[in-house]
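Engineer: A single structure is presented below for examination.
FYI, it's all coordinate maths here, none of it is from the lab. Predicted model only: the values in this text are computed from it and were never measured. Don't worry about glycine lacking a Cβ; one is built from the backbone with ideal geometry, like all the others, and counts go over all protein chains shown.
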Amino acid sequence: MSNKRIARERRAQERISVIQLGIMIFTVIIRVLFQMMIPIVARANYVDDDGLMVSYAQSIYDGKWLGTYSEHTLNKKPIFSVILAFFKIFNVPYMLWTGLLYALACVVFFYVIRKWLKSFTGSYFCMLFLMFSPVMFDDYIAQCVYRMSIVPAFVVVIVSAYLAIYFDRNQKVRGNLIWISLASVALGIYSLSREESSWIKCFVIGAIAVLFVLYIIENGFKLKEQIGYTIFLVMPLIVSMVFSVTLKTINYNKYGVFTETDFNDTYYEQVCKDIVSVKPRVYVANCYVTKETFYRCMDYSKTLNELRSAVDWYYNNPSTPALKNGELKSGNFAWVLRWSAGMMGVYSDAKTANEFYKKVHEELSKGFEDGTFDKKDAIILSGISRPIEKGDIKDILGYAFLGYNVMASYMDLGPKYKEPTGSYAQIRKMQNMTSTDITDTGIDGYEFSGWIFAKNNESSVRISIEDKSGNSILPTFKASETVYNNLKKSADMTYENAKNAAFSLHISANDNIDIGNLYIRVFLNEEEIFYDSIKNIKNLVNENIVYNIDKNSIVYKDTLSKDAYEKNIRFINGFLNVYKFTGLFVFCLAIVFFVADLASNITNKIVKKKTNFSFCILQLGLLLTIYANLLVISVVYFKSHSKTYIVKYAAGCIPVMQIFICLSICNYIIILKRFYKGDKKLENQTIKKDSGYEGLHYDDSEKTDKDDDDDIIFL
């Protein structure tokens, strides 16, 4: 070949590379713009979820770690809030950085799969399939200011990194350092963002096992090299442990407890397990701890009984989350226990709280020893998950399997428009930390509504809304038959005063009252029983009254254009419908192709032909990784298992499923292409035994210019 021709082809290749780079950059920009077309779902009043993440971020941004210790402080792992605070430094809008993070993760996948396909076009379409996945447009995942929004990106990086090492395993360790480094950082961050990170670690361990065995098969057993390669492969797990110890150390130095959260390695966790282990006298459907069981535990444990008045308040308040017919559904008793302890001052500091729960644990343990409590004949995995009885295992396995259908059909995934919820201060804090306009020109006022009454029909209740200067507004009560009937139905409480207990009060910015600093004063028979900031209304505990006051209803002067957002949402949901209509079929097709390839490899093994079992095992590992997460969800929620839980807790599984689909379908296209074209290059390949995919390693010495086109899978 002449030098001119070589130079000409090199320039042509450079032009193609520039065009391809331009296409990639353009695609990433479009993807990020799509993300910014949808609004934040501001659930600012979710004090143990979205609101907690924002509060963490604000404290971190202010240099105070997770802030002053309370019952909310060590509820969740904080890495999402660390990232949120980091981008706040540069005022990067929330939707911009979450969209960019996921888009870049998909670009990583593109470069990995291109190692295998050796085709820009094929790899690009695989990237598009992953990049515009409904999972990263969903209102629960992408739109909420919550840790689930970063999960898909880091999962994609972890899986892609190990696939890259598999494809390039014939390189020296140095050549794959970039991939193991990416996997280490991604796994370390993910392990500090979600409590149930063990499911993705299942994939990591499986990938390590496959690569370890292949290394021995292809290179022989050399102890020194094998030890070094093993350390290289397990680096992400080591980094994950280092991240964990670092977080525990920071929490210990700040709060005095060596733990990531209060839900692991603390006596609070032990107490929850103790209570959920008590065998109830009467079983209640979908109730892990019955009211009778909870109160029996308080009767026995003097220390736990100190919370009785607060626990009474939550059980008697129909607005308590998950309270139905007087029972706390699922594992919500654990939250009521925590909130009650906070209300009674137990969470003054972490050591005091841990010592309190230590005493409770010791007292309840004696209850099991002396026969006061009978233990459930069940497996107790955690204090907030459903105890698993022998007869449950079959159902749990089935629920997990059905989760594939929910994921593959992208059921209910997509953006939605929802009005912001929370107090003025809560929403403004979220708006500030996300560098995003949630509302336009502030609030016009507050709309206070709710009900309050005295249990004794001869008693009376009066409330006053005031600011610090003493300016006040008195709400008037009105008929509330609905309150009376609901209390009678849900909590089996009948109070005549409930028939005239409702109030609705609009406080305008023009009412000569400081609407940003409001207080509530409560009188019982004209005697003051409570005075505090309206945001601390939950601290009102009095056995003589029942109430539910909504302090979160805000009237805005102007909200961001709902019509514009809904138009954007309709557009995005339009192309997401393509995923939903074809999703289950495509997933089933990928399963069929995978099974066919597996059967072909088994047949080849029997007749002693070359096989690619290692790649089949990796694909199987992806499916089992998904099942591991679905199984965890089924264990925790059991019969409550539904598409809602899949959306909330299995967001990381969906990109794993899509990666499996890409690998399976592309693999079969390669097989069909070679079968129908009678590809003769197979004779020139130098494939070591079980070295992975045929076509990955060519002997370039016998390759001609014409053969270049044959490396392209899609054109």
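Engineer: Do any of K468/K535; K324/K359; K76/K351 go past 24 Å between their Cα atoms, and which?
Structural biologist: Flagged as over cut-off: K324/K359.
Engineer: Indicate the helices, whole DSSP H runs only, in the chain that combine a mean Kyte-Doolittle hydropathy of 0.0 or more with a Cα extent along their long axis of 30 angstrom or more.
Structural biologist: 3-36, 94-117, 198-219, 562-606, 613-637, 653-677
Engineer: Next question, about the same structure. Which loop GluC sites (Glu not before Pro) in region 336-440, with loop taken from DSSP, have no more than 15 other Cβ atoms within 10 angstrom of their Cβ?
Structural biologist: E389
Engineer: Between [x] -0.68, -0.86, -1.29; [y] -0.74, -0.91, -1.27; [z] -0.84, -0.95, -1.17, which entry matches log10 I(q)/I(0) by the Debye sum over Cα atoms at q = 0.08, 0.09, 0.11 Å⁻¹ as derived from the coordinates of this structure?
Structural biologist: After the calculation, the listed value that fits is [y].
Engineer: In region 241-306, what chymotrypsin sites (Phe, Trp or Tyr not before Pro) fall in a loop by DSSP, with at most 16 other Cβ atoms inside 10 Å?
Structural biologist: Those satisfying the criteria are F258, Y283.
Engineer: Out of the GluC sites (Glu not before Pro) in region 1-87, which ones are loop residues according to DSSP with at most 14 other C-beta atoms within 10 Å?
Structural biologist: Sites meeting the loop and neighbour criteria: none at all.
Engineer: Hey, what's the Kirkwood Rh for region 267-383 if you take every pair of different alpha carbons, in angstrom?
Structural biologist: Over region 267-383, the inverse of the mean reciprocal pair distance is 14.2 Å.
Engineer: Okay, next question. Summing Lys, Arg as +1 and Asp, Glu as -1, what charge do residues with Cβ under 11 Å from the Cβ of F137 carry, F137 excluded?
Structural biologist: In short, 0.
Engineer: As a check on your grasp of the helix formula, calculate [θ] at 222 nm for the chain: sum -39500 (n - 2.57) over DSSP H runs of n ≥ 4, divide by the residue count, round to the nearest 500.
Structural biologist: -18000 deg cm²/dmol
Engineer: Return the equivalent ellipsoid semi-axes of region 62-109 as a descending list in whole Å, where each equals the square root of 5 times an eigenvalue of the C-alpha gyration tensor.
Structural biologist: 27, 14, 7
Engineer: What number results when the radius of gyration of region 153-289, computed over Cα atoms, is divided by 2.2 N^0.38 Å?
Structural biologist: Normalised by 2.2 N^0.38 Å, the Cα Rg of region 153-289 equals 1.40.
Engineer: Right, here's the next one. Where does region 117-222 land on Rg/Rh, using Cα atoms and the Kirkwood Rh?
Structural biologist: Taking Rh as the inverse mean 1/r over Cα pairs, Rg/Rh reads 1.03.
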